[in-house]
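The values are calculated or read from the model by the stated rules, or taken from the named source; none is laboratory data. Treat the numbers as computed from the prediction; the structure is a model and nothing was measured. Counting neighbours? That spans all protein chains shown, and the Cβs are built from the backbone with ideal geometry, glycine included.
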Amino acid sequence: MEITSEELHSRLKKYFGFDSFKGDQEAIIQNLLQGKDAFVLMPTGGGKSLCYQLPALITEGTAIVVSPLIALMKNQVDAIRGFLEERTGVAHFLNSSLNKQQLIEVKEALLSGKTKLLYVAPESLTKDDNIQLLKQVKISFYAIDEAHCISEWGHDFRPEYRRIQVLIQEIGKAPIVALTATATPKVQSDIQKNLGMMDAIVFKSSFNRSNLYYEVRPKQNIDKEIIKFIKTHPGKSGIIYCLSRKKVEEVAELLSVNDIRALPYHAGLDSATRSDNQDKFLMEEVEVIVATIAFGMGIDKPDVRYVIHYDIPKSLEGYYQETGRAGRDGGEGQCITFYRYKDIQKLEKFMQGKPVSEQEIGKQLLLETVAYAETNVCRRKVLLHYFGEEFLEPNCHNCDNCLYPKKQFDGQEQLCIVLETVEAVKEQFKAEHVANIISGLSNSIIKSYNHHLLDLFGIGKDKSPHFWTAIIRQALIHKMLDKNIENYGLLILTDKGREFILEPEPMMLMEDREFTDEDDDSIIGGALKGGGGGDEELLAMLKDLRRDIAKKLKLPAFVIFQDPSLEDMSIQYPITLNELKNCQGVGEGKAKKYGKEFLSLIAKYVEENEIERPQDMVVKSVINKSGNKVYIIQSIDRQLQFEDIAEAKGMQMDELLNEIEAITNSGTRLNIDYYLEQALDEDKLEEIFDYFRNEATSESIEEALEALGSDFTEEEVRLVRIKFLAELGN
Ligand code: ADP
Ligand code: MG
Ligand code: ZN
């Protein structure tokens, strides 16, 4: 049908109250009204719904909207009923949540021609009853929302979506509009093929969110980094995404004990708690929500100022969706991701047991994520390239790589090597394989194809496969290589790439970043990592002080504070008792008993040297996070046998002693006399105790065993040392 732009605008105003169309909306609607198929790629929040809602109200007949989520469906129908002043019931939905009576009402409305918009879940569409019903209805057009569900390469594959085209044939032909926020070329081609709409007009909006700042940080000291980040952005709303429910709970708790108003959100919480927490976030009663990806679907808080990824997401689609929840009002939005390669391996492990084809896809998507995380190229460029869009400016001024650029080098020669190798393996292999060949890394696959016999094999052996995959990625970004759409991941040469081989020219490239795999989960549980990184001068002073105090009290120095505690003080600069307690191995008892002099020394040192204390960064740990510790403390209070405690927790005796030692060292005073009395005779006990009291120069068990002689077992010495440290140290 023909409709003027003026008329369309007046309908927009009348039905929805908007004065103008966003982006391509008008063109998309006009296209549909002319009876042509359309394929709409628009980022989340771009306004896809209106592209089918408005024409549905204008045209004759009923528009069928296929949408995957029952919950969202109801929202949409409510929303459109809310928009329309005369609530004549023009929108309905058909899914498994309806009861018999509701179903009858929907059927009547449909057959009477009142329904302009019918939302259907794909699994309801496949039901024969429904097909028979819809056959009797005049269909104006079909809208396939969240169309990426058709593709196994999308982030939310649903097999029922694959049958849509067959069902449409059966119900009756009408124009189709497919809509999605996932725009990778692979997904796009899957959708068009599956819906038989290769000739559809493609409307693609830019996926660039220029107000979002992208940064990837190595996953080290993550808890501190996050707390510091939040504290330097007070009063602003943020979301922290974690992959597991357990992590969500832990992080939310960690933030809370550090005086940050934060709540968890994940599918394991009951729905009342969930919606309560969500409301508190929307109403700004809390500033941070810690969530699994379950959070964010359908919620629309415009002023989220940061999105932090505690764990790297499974795919760049997910990453883009989640980061996209920042800065929806066009204002500031910081997207910080913490990355270490180990997390990728974890994700790969989770995939085990799934069908092989699914694993293969999952692995490829993960590789794209790794590429993004490790790149030194503009992140916006990489991200948009992934969505099939070119970002032409050399510098986006709003990502870590653009703001803090790395040195570049002329990669002309390296590019040629890569392109020639892709040619030599006849464009039949993926990046990993090509990089291995160039580095000269032989494996069974390479041998089975005789690729170790290629002239190019090992031509770049002075560099790692990691280096060469970085070059391959940049060749992709510069459009000298492309990824095969049919067999995703196989590298193929573009015309530009072939030309480059014949006529190479200087080309500035970047090496990837190296991410170390240092583990830092140890902060939770009170064990801040000692060893290095502290203020050497202060550390020496602290050790002197410890020696003096030990002399005065006639105690071995290690009883006062052990080395890791002093090292931690030289990092944290505590000047109050509370701060001191946050240092490794310093419990309440120790802090009170010995802390004072250390605190005044540190305070003086800080003042004299004008040191900026990392106070905002001091992370209070979630005490006794491990259930074992709590259990052990309670059991010893109840004077249970160590053997029984160990058995109850499935531990060996020496593992139990490790735990007890850790508990004692961090300042919790355990009385184990009841056990010692029966475990070893009094003389022995006294002898060991005296050794530690008067002879020992360190807490070493080995030294003790040597000094005490062969009558004593390691276990006995350890038990008495626990008593000794508990009594004198705490
Ligand atoms: P998408 O499905 O693309 O994520 P929605 O269809 O849910 O986006 O729309 C996002 C928001 O934009 C909604 O709040 C919607 O009311 C609003 N919106 C859509 N079109 C317009 C318009 N032309 N003018 C103003 N707001 C609009
Ligand atoms: Mg939508
Ligand atoms: Zn950039």
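Listed values, structure above:
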item: Pairs where the first residue, in segment 638-667, is over 24 Å from Gly585 (Cα atoms) and the second is aliphatic (A, V, I, L, M) and in a loop (DSSP other than H, G, I, E, B), C-beta under 6 Å, 6+ apart; result: none
item: Of residues in segment 144-153 being in a loop (DSSP other than H, G, I, E, B) and within 15 Å of ligand 1 (Cβ to nearest atom), the one farthest from Glu317 (Cα to Cα); result: Asp145
item: Single unsatisfied condition, Arg162 versus (1) buried (at least 16 other Cβ atoms within 10 Å of the Cβ); (2) at pLDDT 95 or above; (3) not in a loop (DSSP other than H, G, I, E, B); result: (2)
item: Test: residue in segment 396-411 that is assigned to a helix (DSSP H, G or I), away from ligand 2 (no atom under 16 Å from the Cβ), surrounded by 21 or more Cβ atoms within 10 Å (Cβ to Cβ) and at pLDDT below 95; result: yes
item: Qualifying residue in segment 422-436 (condition: of a type in the set (Asp, Glu), within 22 Å of Tyr339 (Cα to Cα) and within 14 Å of ligand 3 (Cβ to nearest atom)); result: no
item: Which listed residue, of Ser448, Ser464, Ser442, is among the polar types (S, T, N, Q) and surrounded by fewer than 12 Cβ atoms within 10 Å (Cβ to Cβ); result: Ser448
item: Single match in Arg718, Arg693 (criterion: basic (Lys, Arg), surrounded by fewer than 18 Cβ atoms within 10 Å (Cβ to Cβ) and in a helix (DSSP H, G or I)); result: Arg693
item: Test: residue in segment 50-61 that is aromatic (Phe, Trp, Tyr), crowded, with 17+ Cβ neighbours inside 10 Å and either modelled with pLDDT of 95 or more or within 11 Å of ligand 1 (Cβ to nearest atom) (or both); result: yes
item: Output for segment 295-352, where each listed residue is of a type in the set (Ser, Thr, Tyr) and in contact with a Cys (Cβ under 6 Å, 6 or more places away or on another chain); result: Tyr310, Thr323
item: When residues of segment 376-412 are limited to those that are more than 9 Å from ligand 3 (Cβ to nearest atom) and of a type in the set (D, E, K, R), the one farthest from the chain's Cα centre (by Cα); result: Asp410
item: All positions within segment 188-204 that are surrounded by 24 or more Cβ atoms within 10 Å (Cβ to Cβ) and either modelled with pLDDT under 95 or closer than 14 Å to Phe387 by Cα (or both); result: Gln188
item: From the options Ser140, Ser112, Ser124, residue that is over 30 Å from Pro313 (Cα atoms), surrounded by fewer than 21 Cβ atoms within 10 Å (Cβ to Cβ), of a type in the set (Gly, Ala, Ser) and touching a helix residue (DSSP H, G or I) at 6+ places or on another chain (Cβ under 7 Å); result: Ser124
item: Only listed residue being over 29 Å from Thr4 (Cα atoms) and at pLDDT below 85, chosen from Lys100, Lys74; result: Lys74
item: Residue among Leu282, Leu269 that is surrounded by fewer than 23 Cβ atoms within 10 Å (Cβ to Cβ), closer than 30 Å to Ala183 by Cβ, free of Cβ contacts under 8 Å to residues at least 40 places away in the same chain and not charged (D, E, K, R); result: Leu282
item: Single residue of Ile176, Ile201, Ile191, Ile171 found to be of a type in the set (A, V, I, L, M) and farther than 21 Å from Asn31 by Cα; result: Ile171
item: Pairs where the first residue, in segment 314-343, is crowded, with 20+ Cβ neighbours inside 10 Å and modelled with pLDDT of 95 or more and the second is assigned to a strand (DSSP E or B) and of a type in the set (Asp, Glu), C-beta under 9 Å, 6+ apart; result: Gln334/Glu215; Cys335/Glu215; Ile336/Glu215; Thr337/Glu215
item: Every residue from segment 1-40 that is away from ligand 1 (no atom under 14 Å from the Cβ) and either assigned to a loop (DSSP other than H, G, I, E, B) or in contact with an Asp or Glu (Cβ under 6 Å, 6 or more places away or on another chain) (or both); result: Met1, Glu2, Ile3, Thr4, Gln34, Gly35, Lys36, Asp37
item: When residues of segment 23-39 are limited to those that are free of Cβ contacts under 8 Å to residues at least 60 places away in the same chain and surrounded by 15 or more Cβ atoms within 10 Å (Cβ to Cβ), the one nearest to ligand 2 (Cβ to nearest atom); result: Gln25
item: Residues within segment 49-74 that are among the small types (Gly, Ala, Ser) and either under 32 Å from the mean Cα position of the chain (by Cα) or within 14 Å of ligand 2 (Cβ to nearest atom) (or both), tallied; result: 3
item: When residues of segment 165-183 are limited to those that are assigned to a loop (DSSP other than H, G, I, E, B) and in contact with a strand residue (DSSP E or B) (Cβ under 6 Å, 6 or more places away or on another chain), the one farthest from ligand 2 (Cβ to nearest atom); result: Gly172
item: Residue pairs meeting the criteria (Cβ under 8 Å; at least 6 apart or on separate chains; first at positive phi, in segment 370-390; second part of a loop (DSSP other than H, G, I, E, B) and not charged (D, E, K, R)); result: Gly388/Ala183; Gly388/Thr184
item: Residue check for Glu686: among the charged types (D, E, K, R) and in contact (Cβ under 8 Å) with a residue 40 or more places away in the chain; result: no
item: The lone exception for Ile150 - which of (1) buried (at least 17 other Cβ atoms within 10 Å of the Cβ); (2) free of Cβ contacts under 8 Å to residues at least 24 places away in the same chain it fails; result: (2)
